[in-house]
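Below is one structure, written out as structure tokens; comments come after it.
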Amino acid sequence: MTIDDLNDVNSVFNEAEPDDMPEESAIFATKKIVKELKTSSKQELKTRILASVELIQKYGPIDGGHHKMWVLDQVLRTLLDKSYDDFVKEYSTDGYEWDEGIAP
């Protein structure tokens, strides 16, 4: 996957307004996160997405649920950047505990 493959990455964010998203949205935990992503530049979003894909390709195939959870955690950290802590906080207020996994 190249940066050229992601030319329309902002279209996902342009189609849905954060205030219109359901509270239980599985895509993003908070409206604040959606707003932050919408204000990110196309280049920044492409960079985050490519870095996430690289993490998945490199570490995703490693056996063990605890390692796969680490991959998911790293991908979220990469995609959400400064909003990662907000995501974990909101996730935890819903009665769940966020698992950071174990690095392979």
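Only the coordinates and a few stated rules stand behind these numbers; no lab work does. This one's a predicted model, so the numbers in the text were calculated from it and none came from an experiment.
In nm, what is the difference between 0.36 nm times the number of residues separating Glu100 and Thr39 and their Cα-Cα distance? Present the calculation step by step, with values, prior to reporting the outcome.
Details: separation 61, 0.36 × 61 = 21.96 nm, distance 2.69 nm.
Net length gain for the segment: 19.3 nm.
Could you go through region 43-52 in sequence order and give the Karplus-derived ³J(HN,Hα) for each residue, using 6.51 cos²θ - 1.76 cosθ + 1.60 with θ = phi - 60°, rounded to whole Hz, and x for Gly and Pro?
Residue by residue, region 43-52 yields 5, 5, 5, 4, 4, 4, 5, 4, 5, 5 Hz.
Which ³J(HN,Hα) values, rounded to whole Hz and listed in residue order, are derived for region 66-75 from phi using the Karplus coefficients 6.51, -1.76 and 1.60 in 6.51 cos²θ - 1.76 cosθ + 1.60 with θ = phi - 60°, glycine and proline given as x?
For region 66-75, the Karplus-derived couplings read 5, 6, 5, 5, 4, 4, 4, 4, 5, 5 Hz, x marking Gly and Pro.
Between Thr93 and Glu54, what is 0.36 nm times their sequence separation minus the Cα-Cα distance? Round to one decimal in nm. Show your work: numbers first, answer last.
On the way: separation 39, 0.36 × 39 = 14.04 nm, distance 3.04 nm.
Here the segment from Thr93 to Glu54 would lengthen by 11.0 nm.
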